[in-house]
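Have a look at the structure below, then the notes.
The values are calculated or read from the model by the stated rules, or taken from the named source; none is laboratory data. None of these values were measured; they are calculated from a predicted model. As a convention, Cβ positions derive from the backbone with ideal geometry for all residues, glycine included, and neighbour counts pool all protein chains shown. Calculation scope for accessible area: heavy atoms of the full protein, side chains included, ligands and nucleic acids excluded. Shrake-Rupley method; radii C 1.70, N 1.55, O 1.52, S 1.80 Å.
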Amino acid sequence: MAEQYRVGVAGVIALLLGFVFLVRSWGLSKLERAASMEFPKKNCVNKNGNGEGGGEGVGTTEIIIVGAGVAGAALAYSLGKDGRPVRVIERDLNASNRIAGEGLMPGGYLKLIELGLGDCVDEIDAQQILGYTLYKNGMDAPISFPLEKFQSHVSAKAFHNGRFVQRLRKKAASLHNVSLEQVTVTSLLEKNGIIKGVYYKDKSGQMLTAYALLTVVCDGCFSNLRHSLCNPKVDIPSYFVGFLLTNCKLPNEKYGALILADPSPILFYPISSTEIRCMVDVPSQNLPSVSNGEMAHYLKTLVAPKVPPEVYNSFISAIEKKGNIRIMPNKIMAGAPHLTPGAFLIGDAFNMRHAITGGGMTVALSDVVILRDLLRPLHDLSDASAISKYLESFYTLRKPMSSTINTLASVLHKVFSALSDPAMENMQQTLFGYLKLGGSFSSGITAMLSGLCPRPLSLAFHFFVMAIYGVGQLLLPFPSPKRLLDAAKLLWVASSVFLPIIHSEGVRQMLFPLTVPAYYRTPPKGKKI
C-alpha cells in the first residue's frame with residue numbers, strides 16, 4: 001500500500017510540474033531542429049581546395065583535422081561528402097587496442113546513421129545491447145532503453161574500439177577529396193592571433209608545416225593542443241580497471257550488467273560474440289598497483305564476491321591471465337572554449353565526462369552532426385574572425401545532448417560510488433527504487449541516458465521528482481524526527497550533487513539556451529566561389 005502511495009505521489013507531482021516545463025521544452029525542440037537542419041550542398045568549395053584570400057603557403061587546404069579517432073574520422077567523412085577538401089593528420093593509423101570507446105548508445109547510433117556511417121558497426125562482430133540490469137543487495141532491476149518506436153536494428157552497440165575506428169577511417173579515405181596521413185602534429189601554427197595550420201613531424205623526424213583555412217582539433221583525451229583553445233582543467237575522480245572475460249554469458253542476453261557494490265561499481269558488457277568486458281570503478285586515491293599483484297588481490301577478495309555467479313569463474317580466470325588487467329583514467333573536463341580564429345576544438349579534446357554511462361561517442365557524433373550543419377552554408381572560410389564568431393553558436397547548440405549526458409554521467413557516478421555516506425546510500429536506494437517503478441519513470445531516465453531524449457529540463461524534472469520520491473520513502477509510514485532529519489539530508493545531498501554539475505555545464509546555455517545571443521548567429525556573407 002505504501003509503495004502504491006509513493007508511486008501516486010510521484011505521478012501527481014510529475015503532472016503538476018509538467019506544465020512548468022512545457023514552454024521551455026518547446027524551446028528546446030526548436031533548438032534541436034536548428035541543430036539538425038539541412039542546408040544546400042551546392043558548390044561548397046572550389047575543386048582545388050585553395051580558398052581565396054586565405055593562403056599562407058603552398059598547398060593550403062580548406063580544412064585540416066588533427067586526429068582520426070571517432071570524432072575526427074566521422075567529421076572528415078561528413079565534410080568530404082559535402083565536397084570539401086579535407087586533410088586528416090593522425091599520429092598512428094594502426095588499429096588501436098584500448099579499453100575506452102567500446103559502447104555506442106542508441107542516440108549515438110542514430111547520429112552515426114545520420115552521417116551516413118551506420119554500416120561501420122557491420123562486420124566487426126558488434127553486439128546489440130537493449131539495456132542494463134542493475135544489481136544491488138541481491139535484488140535486480142532490468143532497465144531497457146525505450147526503443148519501441150525504432151526499427152529493430154536501432155539499439156546500443158558494443159564492440160572493439162579499434163575495429164570500429166578503422167571502419168570509420170576506411171570510409172573517410174574512400175572519398176577522393178579526403179586524405180589521411182600518419183604524422184605527428186607538434187603545435188598549432190599561429191600568426192597575428194589567427195591559427196593558420198599546424199607544425200608536424202614526418203616519419204623521418206623532419207619538421208614541416210601544413211596550412212589550412214580552418215584547423216579542427218580532435219586529438220582525444222590526451223590532447224597536447226587543447227591548452228590554447230580551451231580551459232584544460234581535468235579532474236580524475238576514479239579509474240576503470242578493465243579486462244576481458246571469455247567462455248561465459250551474462251545473466252540477461254543482450255543486456256549489460258551494472259552491480260552497485262561496496263567498494264566499487266562493476267560494469268559488464270559484451271564487445272564480441274565471445275568476449276565480455278568487465279570494468280571495475282576504483283577511486284583515484286585507492287588505486288592498487290598492477291605490477292606488484294595488489295590489484296589482482298583487490299579484485300579477487302573485494303570485487304569477485306559481488307559479481308553474478310554466471311561469470312564468477314571466468315572473472316577469476318581473467319584476473320589470473322597475465323597482461324589482461326588494464327587501467328584507464330576516468331577524466332572529466334567541462335567544455336570551456338577559448339574562441340580562436342582559424343581553429344576549432346571538438347571530441348574528448350574539448351569535453352569529457354565519466355565513462356560509467358558510455359556516452360562519450362554519442363556526444364562526439366552529435367557534435368560532428370552540428371558542426372557539419374553549421375559549415376554547410378559557408379562558401380568561403382577565408383575570414384577566420386567572422387567564421388569563429390559564427391561558430392560560437394556550436395557551443396549552445398550542442399548543449400541538449402552534451403549537458404544531458406555529461407550531467408547524468410557525473411550524478412550517477414557520485415551516487416553509485418559513495419556507499420560510506422549514509423545520505424548518499426539513501427540516494428542510491430532512491431535511484432534504484434525509482435528505476436524499479438518502471439513506466440515513464442525508468443524510461444524517462446534511460447531515454448536521456450541513451451541519447452534518445454537530450455533534454456536538460458527533462459533531466460532536472462526527473463531529478464526533482466526522484467528526490468521527492470526518496471523523501472516519501474524516508475517519511476512513510478510516520479514522519480518521526482529521525483526520518484525528517486534523514487529526508488532533509490537526502491535533499492541536501494541531492495542538491496549538492498546536482499547543482500554544481502549544472503553550474504559547470506553553464507546554467508544559461510543548458511537550461512535557457514534561447515536567451516544566449518550566440519544561439520541566433522547567422523552565416524557570415526563571404527565571397528561567392
*Which one of the conditions (1) crowded, with 20+ Cβ neighbours inside 10 Å; (2) modelled with pLDDT of 90 or more does A494 fail to meet, given that it meets all the rest?*
(2)
*Find all pairs meeting these conditions: Cβ atoms under 6 angstrom apart; at least six residues apart or on different chains; first residue within region 504-525 and among the polar types (S, T, N, Q); second residue at pLDDT 90 or above and open to solvent by less than 50 Å² (accessible area, probe 1.4 Å).*
S504/A334; Q509/T396; Q509/K399; Q509/V516
*Single unsatisfied condition, L245 versus (1) over 27 Å from G69 (Cα atoms); (2) over 22 Å from the mean Cα position of the chain (by Cα); (3) in contact (Cβ under 8 Å) with a residue 60 or more places away in the chain*: (1)
_Selection status of A73, farther than 20 Å from L397 by Cα, assigned to a loop (DSSP other than H, G, I, E, B) and modelled with pLDDT of 95 or more_ = no
*Out of all the residues in region 469-491, which are touching a residue at least 12 places away in the same chain (Cβ under 8 Å), assigned to a helix (DSSP H, G or I) and open to solvent by 50 Å² or more (accessible area, probe 1.4 Å)?*
Q473, K489, L491
*Would you pick out the residues in region 446-455 that are more than 19 Å from L112 (Cα to Cα) and either among the aromatic types (F, W, Y) or open to solvent by 20 Å² or more (accessible area, probe 1.4 Å) (or both)?*
R455
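Do the conditions hold for K201, that is, is it touching a residue at least 60 places away in the same chain (Cβ under 8 Å) and open to solvent by 10 Å² or more (accessible area, probe 1.4 Å)?
Numbers: touching a residue at least 60 places away in the same chain (Cβ under 8 Å): no; open to solvent by 10 Å² or more (accessible area, probe 1.4 Å): yes.
Criteria not met by K201.
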*Which residues, counting only those in region 270-294, are among the small types (G, A, S) and either surrounded by fewer than 16 Cβ atoms within 10 Å (Cβ to Cβ) or under 16 Å from Y132 (Cβ atoms) (or both)?*
S273, S284, S289, S291, G293
*Out of (1) under 23 Å from E90 (Cβ atoms); (2) not in a helix (DSSP H, G or I), the odd one out for M361 is which?*
(2)
*Look through region 189-198, keep the residues that are in contact with a Pro (Cβ under 9 Å, 6 or more places away or on another chain) and either at negative phi or in a strand (DSSP E or B) (or both), and return whichever of them is least open to solvent (accessible area, probe 1.4 Å).*
I195
*Scan region 295-302 and give yes if some residue there is farther than 19 Å from L104 by Cα, of a type in the set (V, I, T), open to solvent by 40 Å² or more (accessible area, probe 1.4 Å) and over 21 Å from the mean Cα position of the chain (by Cα), otherwise no.*
yes
*Working only within region 72-107, note down all residues that are within 23 Å of M328 (Cβ to Cβ) and hydroxyl-bearing (S, T, Y).*
S96
*region 502-521, residues that are in a helix (DSSP H, G or I) and among the aromatic types (F, W, Y)*: Y519, Y520
*Within region 208-220, track down each residue that is surrounded by 14 or more Cβ atoms within 10 Å (Cβ to Cβ) and in a strand (DSSP E or B).*
T209, A210, Y211, A212, L213, L214, T215, V216, V217
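Residue by residue, here is whether (1) polar (S, T, N, Q); (2) in contact with a helix residue (DSSP H, G or I) (Cβ under 9 Å, 6 or more places away or on another chain); (3) open to solvent by 10 Å² or more (accessible area, probe 1.4 Å) holds:
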position	(1), (2), (3)
G72	no, yes, no
R84	no, yes, no
N97	yes, yes, yes
M105	no, yes, yes
Y109	no, yes, yes
G118	no, yes, yes
Q127	yes, no, yes
*Any chance T522 is among the polar types (S, T, N, Q) and open to solvent by less than 40 Å² (accessible area, probe 1.4 Å)*: no
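A quick yes/no check of all residues on (1) at pLDDT 95 or above; (2) surrounded by 22 or more Cβ atoms within 10 Å (Cβ to Cβ):
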position: A343; (1), (2): yes, yes
position: T357; (1), (2): no, yes
position: A364; (1), (2): yes, yes
position: R372; (1), (2): yes, no
position: L375; (1), (2): yes, yes
position: D380; (1), (2): no, yes
position: R398; (1), (2): yes, yes
position: T404; (1), (2): yes, yes
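Restricting the search to region 504-518, which residues are of a type outside the set (A, V, I, L, M, F, W, C) and open to solvent by less than 30 Å² (accessible area, probe 1.4 Å)? Let's see the steps before the verdict.
Taking region 504-518 as the starting set, the residues that turn out to be of a type outside the set (A, V, I, L, M, F, W, C) are 504-506, 508-509, 513, 515, 517.
E505, G506, P513, listed by residue number.
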